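Read the structure below first, then the notes.
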Amino acid sequence: MSDCCSSQKPEKIKRHSCPVHGQLCLQVAVSTIIHHLKSPWEYPLKDQAYYFCDDPGCDVVYFGEDDSVINKQLLRTVVGIKQQTDDAVICYCFGVSKSDAMNNPVANAFVIEQTKQGVCACATRNPSGRCCLKDFPK
Ligand SMILES: [Zn+2]
């Protein structure tokens with residue numbers, strides 16, 4: 001589970017352009033998507049690659065190789081990077097908001113330490129399937 005934060009080289013992940021805003025997005029596991037869909041039994045996923053759109057201005061969260069899209073309205077998770085507010089969640093493993101990350105060095109250090117120890121669940125809890133730390137303000 002912890003390899004989301006260290007060993008996975010971004011170059012090895014497949015990319016595909018978002019059918020709505022057109023930018024290249026990274027592949028995401030179907031096992032990640034079903035943990036964020038509202039009533040996933042009503043939205044059977046196809047046997048194909050899916051991608052995560054990380055553009056804050058785009059309503060699409062996931063899309064398939066066949067250009068089918070899953071908008072944020074179809075999810076039960078509020079996707080932090082699609083929100084412009086400071087209370088948007090950016091670490092789903094420990095519930096850290098954007099303003100916590102900017103103003104609370106203790107919360108920040110906690111996330112960095114847990115991630116280093118592999119005590120995180122980004123691959124499942126983060127809708128992008130990738131490490132929460134990459135979304136932290138630098
Ligand atoms: Zn998009």
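The values are calculated or read from the model by the stated rules, or taken from the named source; none is laboratory data. Quick caveat, the model's predicted, so the values are computed rather than measured. Backbone-built Cβ (ideal geometry, glycine too); neighbour counts: all protein chains shown. Heads up: the accessible areas ignore ligands, DNA and RNA and are worked out on the full protein's heavy atoms, side chains in. Shrake-Rupley method; radii C 1.70, N 1.55, O 1.52, S 1.80 Å.
Within segment 113-131, is there a residue that is open to solvent by 40 Å² or more (accessible area, probe 1.4 Å) and in contact with a strand residue (DSSP E or B) (Cβ under 7 Å, 6 or more places away or on another chain)? Within segment 113-131 (the criterion being open to solvent by 40 Å² or more (accessible area, probe 1.4 Å) and in contact with a strand residue (DSSP E or B) (Cβ under 7 Å, 6 or more places away or on another chain)), the answer is no, since none of the residues qualifies.
From the set of residues in segment 18-41 that are in a helix (DSSP H, G or I) and either within 18 Å of R130 (Cα to Cα) or at pLDDT below 95 (or both), which is nearest to the ligand (Cβ to nearest atom)? Checked segment 18-41; the qualifying residue nearest to the ligand (Cβ to nearest atom) is I33.
Against the conditions (1) under 22 Å from F136 (Cα atoms); (2) within 16 Å of the ligand (Cβ to nearest atom); (3) charged (D, E, K, R), D67 satisfies every one except (1).
Among the numbered criteria (1) β-branched (V, I, T); (2) open to solvent by less than 40 Å² (accessible area, probe 1.4 Å); (3) in contact with a Gly (Cβ under 8 Å, 6 or more places away or on another chain), which single criterion is violated by V89? For V89, the failing item is (2). In a residue-by-residue description of segment 70-81, the property of being surrounded by fewer than 13 Cβ atoms within 10 Å (Cβ to Cβ), within 16 Å of the ligand (Cβ to nearest atom) and not in a strand (DSSP E or B) applies to at least one position. Just one residue in the set D59, D55 is within 10 Å of the ligand (Cβ to nearest atom), over 22 Å from A121 (Cα atoms) and touching a strand residue (DSSP E or B) at 6+ places or on another chain (Cβ under 6 Å); that residue is D59.
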